[in-house]
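Bear in mind these aren't lab numbers, they're just calculated from the coordinates by the rules spelled out. Being a predicted model, the structure only gives us computed values, none of them experimental. Cβ: placed from backbone, ideal geometry, glycine included. Neighbour counts: every protein chain shown.
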Amino acid sequence: MRQWVWSCIVALVIFALLTPAGHAQAVDVGDQRAHDLFNEIRCPVCSGQSIAESDVPVSVSIRQYVQQRLDAGDSDTVIKQNLVIRYGENILFEPALAPSTLPLWLAPWGALVLVFGALWYFSGRSRAESH
């Protein structure tokens, strides 16, 4: 049983390492601030892509909007808030910490507690069985 638990942990670590952490920089943007915003905003049509990676018309439109707002002097926060109002909280890769998004922020910690709890439980059981 102990070997099974360690196999699961190794599989989870391998999965986490193989999951892409960043987003490709498919759009050549001179302005670093615009580039960062493009990578923080999710394409409303594409699955898991930022507007920097996507060439669908809505992503192109959002990129143009973001660039216009940056040129007008708007802050990143104001631009993101306007996009959230228009498209919903899912438009951002990192939603704001709010009561409605609390489960998203707590889920990884809950998973860690479950994994370590299972390790503790099974390691205690195996010691008790060997005595």
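Arranged by the count of other C-beta atoms within 10 angstrom, fewest first, what order do ILE62, ILE85 take?
Placing the least packed residue first, the sequence is ILE85, ILE62.
Return the distance in nm (one decimal) between the two label points of a simple spin-label model at ALA107 and SER75, each offset 7 Å from Cα along Cα→Cβ.
In this crude label model, ALA107 to SER75 measures out at 2.9 nm.
Arrange GLU53, GLU89, GLU40 by Cβ neighbour counts within 10 Å, fewest through most, would you?
By the 10 Å Cβ count, ascending: GLU89, GLU53, GLU40.
Using a Förster radius of 30 Å, what is the FRET efficiency between ARG86 and ARG33 based on their Cβ-Cβ separation? Nearest 0.05, please.
Efficiency computed from Cβ-Cβ geometry: 0.90.
Could you check the simple spin-label distance between LEU119 and SER61, using points 7 Å along Cα→Cβ, in nm with one decimal?
Going from the LEU119 label point to the SER61 one covers 4.8 nm.
Search the structure for amide H atoms under 5 Å from the amide H of SER50, placed 1.01 Å from N in the peptide plane, and list their residues when 5 or more places away or on another chain.
For SER50, the qualifying residues are CYS43.
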